[in-house]
1. Looking only at segment 347-362, how many residues end up being surrounded by fewer than 19 Cβ atoms within 10 Å (Cβ to Cβ) and in contact with a Pro (Cβ under 9 Å, 6 or more places away or on another chain)?
2. Considering only residues that are in a loop (DSSP other than H, G, I, E, B) and either surrounded by 20 or more Cβ atoms within 10 Å (Cβ to Cβ) or aliphatic (A, V, I, L, M) (or both), which ones fall in segment 1-39?
3. Mind counting the residues in segment 84-110 that are part of a helix (DSSP H, G or I), under 18 Å from residue 51 (Cβ atoms) and in contact with a Gly (Cβ under 9 Å, 6 or more places away or on another chain)?
4. Would you check which residues across segment 228-256 are more than 17 Å from the chain's Cα centre (by Cα), buried (at least 24 other Cβ atoms within 10 Å of the Cβ) and of a type in the set (Val, Ile, Thr) and list them?
5. From (1) crowded, with 23+ Cβ neighbours inside 10 Å; (2) over 21 Å from residue 24 (Cβ atoms); (3) in contact with an Asp or Glu (Cβ under 9 Å, 6 or more places away or on another chain), pick out the condition that doesn't hold for residue 137.
6. Answer yes or no: is there a residue in segment 293-305 that is crowded, with 23+ Cβ neighbours inside 10 Å, of a type outside the set (Asp, Glu) and touching a Ser or Thr at 6+ places or on another chain (Cβ under 6 Å).
7. May I ask you to list the residues in segment 210-243 that are under 21 Å from residue 317 (Cα atoms) and either of a type in the set (Ser, Thr, Tyr) or not in a helix (DSSP H, G or I) (or both)?
8. Being surrounded by fewer than 24 Cβ atoms within 10 Å (Cβ to Cβ), touching a helix residue (DSSP H, G or I) at 6+ places or on another chain (Cβ under 6 Å) and under 17 Å from residue 217 (Cα atoms) is the requirement here; does residue 285 meet it?
Amino acid sequence: MKTLSPLGMATLGSGVIAITYGLARFVFGLFLPAMRDELTISATMAGVIGALPFLSFVFAILAAPWVTRRLGVHRAGVAAAGLAGLGLMTIALAPSSLLLAAGVLICGISTGLSSPVMAEAVHRVVPSWVLRGRVNATINAGTSLGIALAMPAVLIWAEAWRNAYIGFAVLAALATLAALCYLPRDDQGTSASRPRPATLPVSRAQWLGIARLSGLAIGMGGVSAAYWVFAPDAVINAGGLAPSQTAWMWLAVGLGGLAGAGAGDLISRFGPAVSHAAGLMVMSAGLALLVIDPGNFALAMSSAALFGVGYMTLTGFHLVRSTQIMTEAPSFAPVMPLLATSVGQVAGSPLAGWLVEAEGHVTTFMLFAALGLAVAGLGAWLGLAVNNLRGVHT
């Protein structure tokens, strides 16, 4: 098999991530209003279902280093993309909220497997340490590509969400085929004999760095949950916008999120502390702007773009920074901060659903925006949480 170039790895990886993250995980909120109408789902139940992909992500990403070691990068990558297709098709055919929940649960598993697998693949394919940061950030930004792909789907099938999910499942099948053909192969014996994360030469300072990074990621995940699950619901039910208009919002999220491809360069130029605080402030501004006037389409678009920039910059920050801290464990390094992000989202999604029912969309989004600013302030106050890691494999 021909060895992938760094550009080829970035292209393939961002395509897989576009499916497993963008379509299989984060597009759910865009179609939620139509799903709620057809399947008679309350806001609280929608929040619980919205938390399920985050929950299954938690278990999948914990297992991902072991799966990658046992199956190898090639088989694990194919499995991640294939599970995304299975979950998407289950959602498309779901006759009840129970099977809908099962579908989003499977999608979360595919998401949890994909990031560690792609990080390991980058470590195998890209020789330059600096270039690895750029390739990893570019792959991470593939989430935005997947989200942007939802825009034409909503314009065509604004209410026919089942047709949209069938189309997403087809794209997942193509991603599975691409992973099967191009991901680097390794014989099973070699991958099985690779050192376990616990035996890798990871210092106490590195563990502490990952722990601090993960603590901040919990807050970021909780703040983002309200937007992913309830932003379309807010502009439709509180603002009176048409469902088709939310497609343009998700396009803005996707296009704005492409800025996350520069997370590695942002860290190099301005330092981790400034990069982290800036991402949270921009994301919080996106939440607040959405509910200043939910019926104002221009504000909704601006809100979506800001949220995309902030969220994808932060996830890119967590991915790049973790692999910089634990350079010898590329498939394990992102596990804790990505897991922490999902823990925050698991907690934030049902909380947002409860607040929407109890206080409405405006209060909910303002409270979550305030939480984002608090996390940004905490990160700045604990500047050591990121700055004192400059000497750890940087």
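1. Selection size over segment 347-362: 1.
2. So in segment 1-39, the residues in a loop (DSSP other than H, G, I, E, B) come out as 1-5, 27.
Hits for segment 1-39 are 1, 4, 27.
3. If we filter segment 84-110 for residues that are part of a helix (DSSP H, G or I), which is where we start, we get 84-93, 97-110.
Now drop any that are not under 18 Å from residue 51 (Cβ atoms), which leaves 87, 90-91, 97-110.
Applying the additional criterion that residues be in contact with a Gly (Cβ under 9 Å, 6 or more places away or on another chain) yields 87, 90-91, 102-110.
Qualifying residue count for the region: 12.
4. Residues satisfying the conditions are 235, 246.
5. The one condition residue 137 does not meet is (2).
6. No, there is no match, as no residue in segment 293-305 is crowded, with 23+ Cβ neighbours inside 10 Å, of a type outside the set (Asp, Glu) and touching a Ser or Thr at 6+ places or on another chain (Cβ under 6 Å).
7. 214, 224, 227
8. On the way: surrounded by fewer than 24 Cβ atoms within 10 Å (Cβ to Cβ): yes; touching a helix residue (DSSP H, G or I) at 6+ places or on another chain (Cβ under 6 Å): yes; under 17 Å from residue 217 (Cα atoms): no.
Here the answer is no, as residue 285 does not meet what is asked.
The values are calculated or read from the model by the stated rules, or taken from the named source; none is laboratory data. Computed from a prediction, not measured in an experiment: that's the story for all the values here. Note: ideal-geometry Cβ built from the backbone for every residue, glycine included; neighbour counts use all protein chains shown.
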